[in-house]
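See below for the structure under consideration.
What follows is calculated from the coordinates using simple rules that are stated; it is not laboratory data. Please read these numbers as outputs of a predicted model, since none were measured by experiment. Heads up, the Cβs are rebuilt from the backbone with ideal geometry, glycines too, and the neighbour counts pull from every protein chain shown.
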Amino acid sequence: MWKMVKKLDGVILFVLLVLMIISILAIYSGTRFDPKLANHHVKTIYFYVVGFIAIIGIGLFNYKLYVKYAFLLYGIGIVFLILANVVGSTVNNANGWLKITETISFQPAELFKMILVLFLAHLIVKRKRGELGFWRDVVPIGLWTFIPFALVMAQNDLGNALGYVVILVSVLWIGNMKLKHALIGLTIVGAFFIGFIKSYTFYHDEVFTFLEKIKREHWAERIDPWLVPEKATAKAMWHTKNAGLAIGSGGITGKGFLEGTSVQSGRVPYTYSDSIFVVVAEEFGFVGASLLILLYFILIHRMVLIALECKERAGPIIIVGIIGMLLYQVFENVGAFLGLMPLTGITLPFISYGGTSLLINMACIGLVMSIKLYGDEDEDEWLPEEQSPSLMQRIWSLLKKKKENSAM
């Protein structure tokens, strides 16, 4: 066992250790004047200890076992998402939290991100080598992803729901999707995105009225400062405006630890979670923020190297799915305070306070470690036996035969 532990990627562990230190300092700085949040930095230490144990525990087990039983994990995850919709409690407008005790709760939507990566890898490795067919492969995989997407959207959690889409796109890309299908998809997404921006800005009042009727007006409060700041309410602009001023005031080297005027005065909300990047930027400046981004780059780089060294298909698919998940969170969180993205409540990986988010991210790193340890084994030894064709595959086969017969 000890020999296996020594084979774990030391660079990744070191990066996580530095991120832990940054997280503890930033959370302490952002919560020290709030009695209700005063011990959050201590809880973060506990979460990290459990997280490092999870990395070792998950890393020592062969990841191919997780892939093999991913269908079962998917089913369990769906049950949790349904329970969150039915009996979940609400936190920051999202009603997707399941209470274990009065003080302990977790968010199934966060857990399902890791499950989705494993499940999509499971679906793709069952396919024969070669490019993915559109109706035979891409559409069924997309439908499997749509189920949790719809459940999480029903929880009013847009940020995590979009994260599932990013994971899907990442996995399809590494899973050898046909170039023409990828280009068609990008064209559709681009047209939808441009159409959304044009429609939202032109019919803003009508959209806002509709969102009020369905009790989703807080979506407009997050989108308005990004797209139409001139129409945004003072309440909607408060968060992003003060966050932008705080980041700019940090300058090159920052105001110093515990010296951030905007952070310490409470003018920036959620400095321990969604807005924690503002704490780093104001108190440690451009240098501190750049160091944080560099640490993410090193982490992603090491994961890419492990994927390249893996000799079978599931490992790289899992790693790219995890990379896509992490990059989305970083870009969305940081970009929201730089005016590049709307606020969606996404936490900054390994930095923001949140036990579920941190533990799931650490568990994903555990999967990466497992791929490093077991990625050189022959996949024929563990791949599931060929199963009977699915309904979609049978339909595709019948259509193909009909086309061939008509051609004759």
Practice prompt. Any chance you could give the angle, 0 to 90 degrees and rounded to 10, that helix 276-309 forms with the longest Cα principal axis of the chain?
Written response: 20 degrees
Worksheet item: Pairs LYS3/LYS372; LYS64/LYS178; LYS311/LYS372; LYS64/LYS311; LYS7/LYS372: which exceed 18 Å Cα-Cα?
Response: LYS64/LYS178
Item to complete: Take the alpha-carbon centre of region 3-77, take the same for region 240-304, and report the distance between them in whole Å.
Response: 21 Å
Practice prompt. Work out the FRET efficiency for ILE194 and HIS301 from their Cβ-Cβ distance, taking R0 = 25 Å, and round it to the nearest 0.05.
Written response: 0.15
Worksheet item: Using +1 on the beta carbon of Lys and Arg, -1 on that of Asp and Glu, and nothing else charged, what's the dipole of region 7-377 about the Cα centre, debye to 20?
Response: 860 debye
Item to complete: Show me 254-262, 239-247 ranked by packing, highest mean number of other Cβ atoms within 10 Å first.
Response: 239-247, 254-262
Worksheet item: Å³ per residue of the Cα convex hull, for the chain?
Response: 166 Å³
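Assuming R0 = 41 Å, what is the FRET efficiency of LEU13 and ILE147, from their Cβ-Cβ distance, to the nearest 0.05?
Rounded to the nearest 0.05, the efficiency is 0.70.
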Worksheet item: On a 0 to 90 degree scale, rounded to 10, what angle separates helix 70-87 from the longest Cα axis of the chain?
Response: 40 degrees
Response to the item:
Pseudo-spin-label distance LEU65 to ILE293, built 7 Å along Cα→Cβ, given in nm, is 4.1 nm
Worksheet item: What is region 1-95 by shape, rounded, prolate or oblate, if you read a ≥ b ≥ c off the alpha carbon gyration tensor as root eigenvalues and call it rounded for a/c under 1.5, prolate for a/b larger than b/c, and oblate otherwise?
Response: oblate
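So what is the relative contact order for the chain, in percent, with contacts set as C-alpha pairs under 8 Å and at least six apart?
27 percent
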Worksheet item: What is the calculated FRET efficiency for MET4 to THR90, with r their C-beta to C-beta distance and R₀ = 35 Å, to the nearest 0.05?
Response: 0.25
Practice prompt. Compute the separation of the alpha-carbon centres of region 309-378 and region 129-143 and state it in Å as a whole number.
Written response: 24 Å
Item to complete: Using a cut-off of under 14 Å, list every residue of region 265-295 whose amide N is near the label point 7 Å from the Cα of SER249 along the Cα-to-beta-carbon line.
Response: 265-269, 278-285
Worksheet entry | Helix 204-213 axis, angle to the chain major axis (alpha carbon atoms, nearest 10°) | 80 degrees
